[in-house]
Structure formats: structure tokens, C-alpha cells
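Structure record follows, encoded as C-alpha cells.
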Amino acid sequence: MGAWNEFYSAELSAEIINKYSEELQAMDHPEEILNFSLFKNKFAVFNYIRVVKRIGYPKNSVFIEDLMKGLQDANWPFFNELLELFKSAYPEELLVKTIDEFLVVADDEGDYMWISGLAMLIDYLGADIERFRNKKILGKREF
């Protein structure tokens, strides 16, 4: 993990992001290296988003659940870029399924800001609310 310290602590250049993207693409289990909770500051999360985008679908699908944690607070500096990543890098069917699962997780944790972030993603995607089994949880959001 030592070689990855810079990845978790500072926003990096496109050249360095490309280097990390290539390393991750060569790994069998890149999700074992990247983890939302390891970032030392919120600006470094841009590295995660940019690497995942560069890796592309379907290889980047192993990161979708971890990235959902980035929707816990719409005030985080990377929030809008994360919304764009979800919209541009993942198929809507996968997003609907994953959002539905995380609505339950956020509700179980009593995290209404997270529910709000998930609702903002649904709005950003322009997804039909009727496609979500757990749509009633959206009534608990904080906005």
C-alpha cells in the first residue's frame, strides 16, 4: 500500500492518474486497493473518480458499491463529479439496482443526508422513480 499513499492524500495530475489506472487495470482484484475510507482528504477522492472513469465499464463495476459512500454528503467537493461518473460510466440498470440497495443501507443507518444524496443521483440520472423498489425511503431525505 505504501506506493499508493500519494493517491489517498492529494489530488494528482492526469499523467499520474493514467499510471494508477494502468496498474489497476492489470490487477485481478483492483477493488482490494481502492477503498473510499482510506482517503485522507476529500479532494483526493477526485483521484478515485478519475481512475474509475478511465478504467471503464465493465471492469470498473467492482467499485460501484464503494463509490456509493461518496453520496453521503452533497457538500463534499467531489460530489458533482461523482454524479457525472455514475451517469457516464455505468449502465442505468446497474445503477437502479445499486441505488435501491443503498437506500436500504442508508435507512438502516438513519443517514438521511445519504438518502438525500441518493435522491440527487436519481434526479441527475433522470431515472423513473417507479423503477425503485425502495422509493418510499426517499421520503426520509433531508431536503
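List of remarks:
- With respect to the stated conditions, A106 is farther than 25 Å from A14 by Cβ and among the small types (G, A, S).
- The stretch 78-96 residues that are in contact (Cβ under 8 Å) with a residue 24 or more places away in the chain, paired with ones that are of a type in the set (K, R) and surrounded by 20 or more Cβ atoms within 10 Å (Cβ to Cβ) (beta carbon under 9 Å, 6 or more apart): E81/R50; L85/R50
- Residue in the stretch 49-62 that is part of a helix (DSSP H, G or I) and over 30 Å from I16 (Cβ atoms) present: no
- Of the residues making up the stretch 63-80, those that are assigned to a helix (DSSP H, G or I) and out of contact with any Leu (no Cβ under 8 Å at 6 or more places or on another chain) number 3.
- Single residue of A89, A127, A106, A119 found to be closer than 21 Å to F46 by Cα and either at pLDDT below 95 or of a type in the set (A, V, I, L, M) (or both): A89
- Scanning the stretch 130-143 for residues that are within 21 Å of L82 (Cα to Cα) and part of a loop (DSSP other than H, G, I, E, B), we see that the one that is modelled with the highest pLDDT is F132.
- Failed criterion for F78 (all others in (1) open to solvent by 70 Å² or more (accessible area, probe 1.4 Å); (2) under 14 Å from the mean Cα position of the chain (by Cα) hold): (1)
- Test for Y124: is it of a type in the set (S, T, Y), open to solvent by 70 Å² or more (accessible area, probe 1.4 Å) and within 20 Å of L24 (Cβ to Cβ): no
- Of all residues in the stretch 15-32 being part of a helix (DSSP H, G or I), in contact (Cβ under 8 Å) with a residue 24 or more places away in the chain and open to solvent by 40 Å² or more (accessible area, probe 1.4 Å), the one that is nearest to N47 (Cα to Cα): N18
- Tally of residues being open to solvent by 50 Å² or more (accessible area, probe 1.4 Å) and either within 11 Å of the chain's Cα centre (by Cα) or of a type in the set (S, T, N, Q) (or both) across the stretch 91-117: 0
- The conditions of being assigned to a helix (DSSP H, G or I), among the polar types (S, T, N, Q), within 11 Å of the chain's Cα centre (by Cα) and surrounded by fewer than 20 Cβ atoms within 10 Å (Cβ to Cβ) are not met by S88.
The values are calculated or read from the model by the stated rules, or taken from the named source; none is laboratory data. These figures come from a predicted structure and were not determined experimentally. Here the Cβ is made from the backbone with ideal geometry for all residues, glycine too, and neighbour counts use every protein chain on show. Ligands, DNA and RNA are stripped out before the accessible areas are found, and what is left, the full protein with its side chains, is counted by its heavy atoms. Shrake-Rupley method; radii C 1.70, N 1.55, O 1.52, S 1.80 Å.
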